[in-house]
Amino acid sequence: MQAVVKATRGPGAEVRTVPDPTPGEDEVLVAVRASSVCGTDVHIWLWNEWAQSRMKTIPLIFGHELSGEVLQVGRRVKNLAVGDHVSAETHIADGTCYQCRSGKMHICENVQVLGVDRNGVFAEFAVLPAMNAWKNDPALDPAIAAIQEPLGNAVHSLLPEDDVEDLAGRNVLVTGCGPIGLLAIAVAKMLGARTVFATEVNPLRSGLAAKMGADRVLNPATEGPEVLRTILTETGGHGVDVAVEMSGHPTSLQLAFDSLTPGGRVSLLGLFDKAATLNFDDAIVTKGARVFGIFGRRMFSTWYQVKSLLARPELKEKMGMIITHRMPIPDLPRAMEIIQSMHAAKISLEPRW
């Protein structure tokens, strides 16, 4: 088959002919119908500090956001059949560690991430553990089905635990309007948030943030300290109840905590290229802030939440808006150029070789 392979420990990747994968007893073989480019893929493409320290196996097929059709099932697979349409839960847990056995499978001690630790989906075919294949409505647009995984990141960020308060009537801040941030805005409004503030420096993504339902879109590059003053003024001096940090930028990290009302909560999803600093006394301790690190999706309660949200046509419509480009998988170099030029939100890749 044809696949995009991270072939060397340096920038870029290349299209190669590689052996067709074969599913194991508990796995399924999937024909890729759509995949999409994630920020993690950009890190791997650029080969920045995060990728250099994180990726151990080279060469490797990368990419992890997937929708496809089951072509073959392993001998012990009972929950899926040939012809099923599926998406991928990309965190592959061992099922035996302390976290897995205590209801925290999404932070498995020995997690493998599709396209990072084992071959991914920028290819004609991919192999998934049957547990990680989420069955879709066949009528769902494959490009939309593929971005359920980042939608799950957004939902997990907004609703990190079963016992957190809901968003109805809450003020919410989303820092960074990449695809997951944009999806978080849409979901927050659907779940009844009173006011959603968003910060973004990219004009394209700022416009999309407004379309997703953000009440105020603020530009920290041009507005500077006024961003915090605006948030405090428009919340009656109280600040936001919930902040979700999606950018991985130190300035946005500071803003998330500075704008938080005492007793509020922050979810941190953005990956930082380098170590970031924060005054814990002011930001967390004396403020009584609740802080959640977000890694993937809760397995599998977040997926059921996503399924319920996708039953609403307006969410599918908004998800379609953030897909700004559709192109063949081998055009990944062009996709990366567009992303780095800040002229894209989400790029969907189609299996046209």
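The values are calculated or read from the model by the stated rules, or taken from the named source; none is laboratory data. Worth saying up front: this structure is predicted, and the values here are computed from it rather than measured. Here Cβ is always computed from backbone atoms with ideal geometry, including for glycine, and neighbour counts include all displayed protein chains.
Anything in region 96-134 that is closer than 23 Å to residue 180 by Cβ and charged (D, E, K, R)? List them, or say none. Once the filter is applied, which keeps residues that are closer than 23 Å to residue 180 by Cβ and charged (D, E, K, R), region 96-134 yields 104, 117, 118. Can you name every residue in region 112-125 that is out of contact with any Cys (no Cβ under 9 Å at 6 or more places or on another chain) and assigned to a loop (DSSP other than H, G, I, E, B)? Passing the criteria: 116, 117, 119, 120, 121, 122, 124.
Tell me whether region 83-92 contains one or more residues that are in contact (Cβ under 8 Å) with a residue 60 or more places away in the chain, of a type in the set (D, E, K, R) and buried (at least 20 other Cβ atoms within 10 Å of the Cβ). Among the residues of region 83-92, at least one is in contact (Cβ under 8 Å) with a residue 60 or more places away in the chain, of a type in the set (D, E, K, R) and buried (at least 20 other Cβ atoms within 10 Å of the Cβ), which makes the answer yes.
The rows are residues; the columns are (1) assigned by TED's automatic domain parsing to the domain that holds residue 37; (2) touching a residue at least 40 places away in the same chain (Cβ under 8 Å); (3) surrounded by fewer than 24 Cβ atoms within 10 Å (Cβ to Cβ); (4) within 23 Å of residue 310 (Cβ to Cβ).
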| site | (1), (2), (3), (4) |
| --- | --- |
| 132 | yes, yes, yes, yes |
| 163 | no, no, yes, no |
| 168 | no, no, yes, yes |
| 190 | no, yes, yes, yes |
| 194 | no, no, yes, no |
| 202 | no, yes, yes, no |
| 207 | no, no, yes, no |
| 212 | no, yes, no, yes |
| 218 | no, no, yes, no |
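When we screen 344, 311 for residues that are small (Gly, Ala, Ser) and buried (at least 20 other Cβ atoms within 10 Å of the Cβ), the only hit is 344. Per the listing 335, 289, the residue uniquely in contact (Cβ under 8 Å) with a residue 12 or more places away in the chain, under 19 Å from the mean Cα position of the chain (by Cα) and crowded, with 18+ Cβ neighbours inside 10 Å is 335.
In the set 61, 107, only one residue is surrounded by fewer than 20 Cβ atoms within 10 Å (Cβ to Cβ), at negative phi and β-branched (Val, Ile, Thr); that residue is 107. The residue list 322, 284 contains one member that is surrounded by 17 or more Cβ atoms within 10 Å (Cβ to Cβ) and hydrophobic (A, V, I, L, M, F, W, C), which is 322.
Of all residues in region 259-274, none are of a type in the set (S, T, N, Q), farther than 30 Å from residue 131 by Cβ and surrounded by fewer than 15 Cβ atoms within 10 Å (Cβ to Cβ). The set of residues in region 231-243 that are surrounded by fewer than 20 Cβ atoms within 10 Å (Cβ to Cβ) and either on the phi > 0 side of the Ramachandran plot or within 28 Å of the chain's Cα centre (by Cα) (or both) comprises 236, 237.
Table: residues versus (1) more than 30 Å from residue 53 (Cβ to Cβ); (2) in the same structural domain as residue 164 (by TED's automatic domain parsing).
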site: 262; (1), (2): yes, yes
site: 274; (1), (2): no, yes
site: 284; (1), (2): no, yes
site: 288; (1), (2): yes, yes
site: 319; (1), (2): yes, no
site: 344; (1), (2): no, no
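Matching residues to (1) assigned to a helix (DSSP H, G or I); (2) within 24 Å of residue 322 (Cα to Cα):
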{"site": "217", "(1), (2)": "no, yes"}
{"site": "221", "(1), (2)": "yes, yes"}
{"site": "229", "(1), (2)": "yes, no"}
{"site": "233", "(1), (2)": "yes, no"}
{"site": "238", "(1), (2)": "no, no"}
{"site": "241", "(1), (2)": "no, no"}
{"site": "247", "(1), (2)": "no, yes"}
